[in-house]
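Just below is one structure, and these are the notes that go with it.
The values are calculated or read from the model by the stated rules, or taken from the named source; none is laboratory data. Keep in mind the model is a prediction, meaning the values are calculated, not measured. Neighbour counts are summed over all protein chains in view; Cβ atoms, including those assigned to glycine, are modelled from backbone coordinates with ideal geometry.
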Amino acid sequence: MCIHISMADNLPNIAVWDPDEVSIRVARGFRLSDVLREVRDILMIDLGAPASRGGLLQCFCGMRVELPHELAPCGLLTAEVC
């Protein structure tokens, strides 16, 4: 089962792991580079996802993690670590 990224309001941190929804909830209003760093840390440190080559974020199953359109309005929906 792949991890999904969703946007949320009123979170205590930039990004929060939600095990009930198998998703990482991301707070609105932060810089994309900060969000990607937090998501990468959750994926790799907390969930054991593999280190990604070329900066792409990967789920612990090896699939690429896609960002919600709100985070990538230019159409680039595959998360890349800045």
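A few notes on this one:
- Within region 5-15, considering residues that are out of contact with any Ser or Thr (no Cβ under 7 Å at 6 or more places or on another chain), in contact (Cβ under 8 Å) with a residue 24 or more places away in the chain and not small (Gly, Ala, Ser), the one surrounded by the fewest Cβ atoms within 10 Å (Cβ to Cβ): ASN13
- Whenever a residue of region 65-77 is surrounded by fewer than 17 Cβ atoms within 10 Å (Cβ to Cβ), its partners that are among the hydroxyl-bearing types (Ser, Thr, Tyr) and at pLDDT 85 or above, lying with C-beta atoms within less than 9 angstrom and at least six residues away or across chains, give the pairs PRO68/SER6.
- Residue check for ALA27: exposed (fewer than 14 other Cβ atoms within 10 Å of the Cβ), on the phi < 0 side of the Ramachandran plot and without any contact (Cβ under 8 Å) to a residue 40 or more places away in the chain: no
- Entry remark, region 36-60: residues being exposed (fewer than 11 other Cβ atoms within 10 Å of the Cβ) and at pLDDT below 85 number 3 in total.
- All of ALA27, ALA15, ALA51 fail the test of being out of contact with any helix residue (DSSP H, G or I) (no Cβ under 7 Å at 6 or more places or on another chain) and aliphatic (A, V, I, L, M), apart from ALA27.
- Restricted to region 61-82, and to residues there that are in contact with a helix residue (DSSP H, G or I) (Cβ under 9 Å, 6 or more places away or on another chain) and in a loop (DSSP other than H, G, I, E, B), the residue that is modelled with the lowest pLDDT is CYS82.
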